[in-house]
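For reference, the structure discussed in these notes is given below.
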Number of protein chains: 2
Amino acid sequence: MQVVDYPEGPVRPEHFEVVEVDVADPGPGQVLVRNTWTSVDPGLRLRLRPSAPVGYFSSFRPGTAMDGILTVGQVIESRAPGFEPGNTVWHSYGWREHAVVDASEQAMNGIGDLRVLDVDNVAPSWYLGPLGAIGLTAYSGLSVAGALEHGETVWVSAAAGAVGSLATQIATRLGHRVIASAGSAEKVAWLVDELGVADAFDHREELPAVALPRLAPGGLDVYFDNVGGDHLAAALDNLRMFGRVALCGSVSDYESEPRVPRNLFLATAKHLTLTGFRGSLHLDLLPEMQRRVGGWLRDGSITYRETVYEGLAQAPRALADLLAGRTLGKTLVRL
Amino acid sequence: MQVVDYPEGPVRPEHFEVVEVDVADPGPGQVLVRNTWTSVDPGLRLRLRPSAPVGYFSSFRPGTAMDGILTVGQVIESRAPGFEPGNTVWHSYGWREHAVVDASEQAMNGIGDLRVLDVDNVAPSWYLGPLGAIGLTAYSGLSVAGALEHGETVWVSAAAGAVGSLATQIATRLGHRVIASAGSAEKVAWLVDELGVADAFDHREELPAVALPRLAPGGLDVYFDNVGGDHLAAALDNLRMFGRVALCGSVSDYESEPRVPRNLFLATAKHLTLTGFRGSLHLDLLPEMQRRVGGWLRDGSITYRETVYEGLAQAPRALADLLAGRTLGKTLVRL
C-alpha cells in the first residue's frame, strides 16, 4: 500500500493505492515474512502530511511503501540465524502482504524490531494490541501520570478505543476509580456491560465539562488524554491540586486544526503536570506489562476487542473509520 | 487601596482608589504593623476578575481592601507574644499603610504568614524578592523542571523580570547554559552587561521561533515559562526529547484572551513534561533557597534590581507598568 496524496481533511480510500511488486528473495541475514495481521492506529494520520511532528515517526512519502507500521506474520523463508519457517514474528513493515526484513533489527529489541513471538495460549494479533504497543502505551501512560500505584480518580477518554479500553481496565485493576468516556451509546454500553465500568458517559450526549463535575464532584487526580481539545480543557478544569495528565494523543485534532485548551494557566494555579509520552519510549516496562496484562487477559479479568477488516485493500477504510470513531477496541487488518 | 472596577483590558489607575479608614487598635494576639514595602506582581492581574482561576488566590472584591498581597513592615504595637515594636515582619495585608495582623497566622509559617524577619545584612525589601516568594518561585520552578542539578540548556523568558532574572542567575550558577529573553533593548543590555548572560535576545526584535534555533541549534532541555502564548509554542518546537517546561506564568495572556500554543501534540511526540507550579506550594524548599540565594546575593554573584514606586497611590501605576513590560527586576511600592 502506498500513499497517493496527503488528505486535506478526512482520510478517504482514494488517498491510497495498492501496488503490486515482485517479492524479493531474502539476502543473507534476512527473512521473508508472510504478514498476517497489520495495525491501524490514529497516529498514522499524523504521518499523512508533508512533515510529521518533530520527534514523532516520519511522514509517509507518496509513491513509496508505508514503512513503520506494526505487523505480525509468519516466516516463510529465512537466511538469518534464529529464525525458522513457521515462526510467528513481529516487525514494522506492515500494510503489505509480504516483507523482507533484516534480522539485525532484532538486536534493537524494540516493538516492531524483528522478533520471534511466543504464541502459546496467545492469539498472534494480541501482539498488535495488549501485548505490544497498545498495551505498552496504556501501561506507560499510567506510569508517567504516577498512576501505577495509588487508588485515585482517573478519567480515560476515547475509552472504547484500543489504548483507552486497556487503560480503563488496567487502571480499574490497579484499584483506581475510573471514569470512562466514549463517543456513542454503543461504545458506552460496551464499557458498562462488557468492561464493567461503573462511570461512563457519551461525550456526544453530555459534554465532559458537564459530566465530570457530576461523576467526580471531588475532582480528578489523573486524566489519560486520548482526545485533546475540549476534553483536555475540561480535564484542566476538573483536576484537583497536583493532578496529572498523561498526554497520549489528541485524536480530535488529527483531521482538523488543533482545538487548544484556553485554560492552560490552571496548570500553574493547581500545580498540574502534563506529560506527553509514547509507549515506544518505555520499553523498560514491556516485560512487566506483558506479564501483568497477559495474565489478566488469560484469566479473563481484562476484555480485549478487535475491529477487523479483511484484506489489504480495506486498510484505508479501516483508518478512516477509526478516525471517525466508527470502530471499537483495536482496529486491525487481516491480510 | 481597593478595587473600584475590574479592568476589561489593560489595568489603569482609575480601576482603583485609595480609601482612608481609621487604624484599629490591635486586639489580644494581634500586632499593628506600619507597612514599609509592598509587592507588585503579574499574578495580581488574575485576581482583578469576577473569579480568579480555580486553585489560585481568590479574586479581589470591589469595595473591600485587597487582601493577600505580600508586604514588609515594622511592628509599632504588639499584643502578641514573640513580636516587639521595631521588629521587621512580613505578612499578606499589603497595598495599605497600616495593618492589624493576627499573630496566630505565624503558626502557618508560609510566605506571608506573619513572621519576624532577620534583617542583619539583608535589605528588608529582599523578603519581597529573592528571599521570599520571588526567590522561591524561581528556585522551585527549576526544581519542578528537574533543573537543580544537571548542566543543561535552559531558556528563561521575561528574564528581566523579578522571577526571570533570578531564575536566569540561579540556573547559571548551577552550571546550566542559559538563554534569556526580554522585551526591550534596555532589558537585554541589562541581562548581558549586568547579569553576564551570554545568550540573550529581545523577543520584540527577533521572534523566539527564530532566535531559539539560532542560539540553541541542538535544542533546549528546559524552558522556564513566564510568558505563555507564542513563547510556549516556540519552546515546544525547540525542546529536545524528554524536555521539561516549568509553567510559572503566562503574562502575555493576563490582559487579553489567552493565545494558546497550537502545537501541544509535540509534548506527546517528544515526551515533554509541562509542570505548573507556584512557589508557595514548595515551602519545603524555602530554607535551602534562602541559604543559597542569600549567599549569592551577599557575595555579589547574583544581582538583584528593583523598580520602586513611591507611595501607595502609585501602586496601580506600578502594576500597569509591570504588565506593560515597562519595569525591570522586582516591582515594589515604598509606603
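Quick notes on this structure:
- Consider the stretch A:251-262 and keep the residues that are assigned to a helix (DSSP H, G or I) and either more than 9 Å from chain B (Cβ to nearest Cβ) or at pLDDT 95 or above (or both). The one that is farthest from the chain's Cα centre (by Cα) is A:S252.
- Residue that is modelled with the lowest pLDDT [pool: residues in the stretch A:269-282 that are under 19 Å from the mean Cα position of the chain (by Cα) and small (G, A, S)]: A:S280
- Residue within the stretch B:283-304 that is closer than 30 Å to A:P258 by Cα and either within 19 Å of the chain's Cα centre (by Cα) or away from chain A (no Cβ under 14 Å) (or both) present: no
- Of all the criteria given as (1) surrounded by 20 or more Cβ atoms within 10 Å (Cβ to Cβ); (2) assigned to a loop (DSSP other than H, G, I, E, B), the one not satisfied by A:P28 is (1).
- Members of the stretch B:113-133 found to be among the hydroxyl-bearing types (S, T, Y) and either at pLDDT below 90 or more than 18 Å from B:T303 (Cβ to Cβ) (or both), listed by number: none
- Positions within the stretch A:209-250 being on the phi < 0 side of the Ramachandran plot, in a loop (DSSP other than H, G, I, E, B) and surrounded by fewer than 23 Cβ atoms within 10 Å (Cβ to Cβ), in sequence order: A:A216, A:P217, A:G218
- Flag for B:V54 being under 30 Å from A:F242 (Cα atoms) and free of Cβ contacts under 8 Å to residues at least 40 places away in the same chain: yes
- Within the stretch A:293-304, the residues that satisfy the criterion of being in contact (Cβ under 8 Å) with a residue 40 or more places away in the chain and either surrounded by 12 or more Cβ atoms within 10 Å (Cβ to Cβ) or more than 18 Å from A:L128 (Cβ to Cβ) (or both) are A:V293, A:G294, A:W296, A:L297, A:S301, A:I302, A:T303, A:Y304.
- Considering (1) outside the structural domain of A:Q169 (by TED's automatic domain parsing); (2) under 21 Å from B:H271 (Cβ atoms); (3) not acidic (D, E), the lone condition that A:G294 does not fulfil carries the number (2).
- Scanning the stretch A:143-190 for residues that are among the acidic types (D, E) and either closer than 20 Å to A:P213 by Cα or assigned to a helix (DSSP H, G or I) (or both) yields a total of 2.
- Pick from the stretch A:271-282, criterion part of a helix (DSSP H, G or I) and surrounded by fewer than 23 Cβ atoms within 10 Å (Cβ to Cβ), ranking: nearest to the other protein chains (Cβ to nearest Cβ): A:L281
- Failed item, numbered, when A:F265 is tested on (1) closer than 28 Å to A:E8 by Cα; (2) within 13 Å of chain B (Cβ to nearest Cβ): (1)
- Residue check for B:A167: surrounded by 24 or more Cβ atoms within 10 Å (Cβ to Cβ) and modelled with pLDDT under 95: no
- Any hit, the stretch B:94-101, residues being farther than 30 Å from A:M241 by Cβ and either touching a Pro at 6+ places or on another chain (Cβ under 8 Å) or assigned by TED's automatic domain parsing to the domain that holds B:E255 (or both): yes
- Filtered by the rule that a residue be outside any helix (DSSP H, G or I) and either at positive phi or among the charged types (D, E, K, R) (or both), the stretch A:37-79 gives A:D41, A:R49, A:G55, A:R61, A:G63, A:D67, A:G68, A:E77, A:R79.
- Single match in B:S140, B:S125 (criterion: in contact with a strand residue (DSSP E or B) (Cβ under 8 Å, 6 or more places away or on another chain), under 24 Å from B:F57 (Cα atoms) and assigned to a helix (DSSP H, G or I)): B:S125
- Hits in the stretch A:195-212 (condition: within 15 Å of A:V154 (Cβ to Cβ) and within 14 Å of chain B (Cβ to nearest Cβ)): A:L212
- Residues satisfying the criterion are present in the stretch A:213-221 (criterion: within 30 Å of A:L131 (Cα to Cα), more than 9 Å from every other protein chain (Cβ to nearest Cβ), of a type outside the set (K, R) and in contact with a helix residue (DSSP H, G or I) (Cβ under 7 Å, 6 or more places away or on another chain)).
The values are calculated or read from the model by the stated rules, or taken from the named source; none is laboratory data. Note that the structure is predicted; figures quoted are calculated from it, not measured. As a convention, Cβ positions derive from the backbone with ideal geometry for all residues, glycine included, and neighbour counts pool all protein chains shown.
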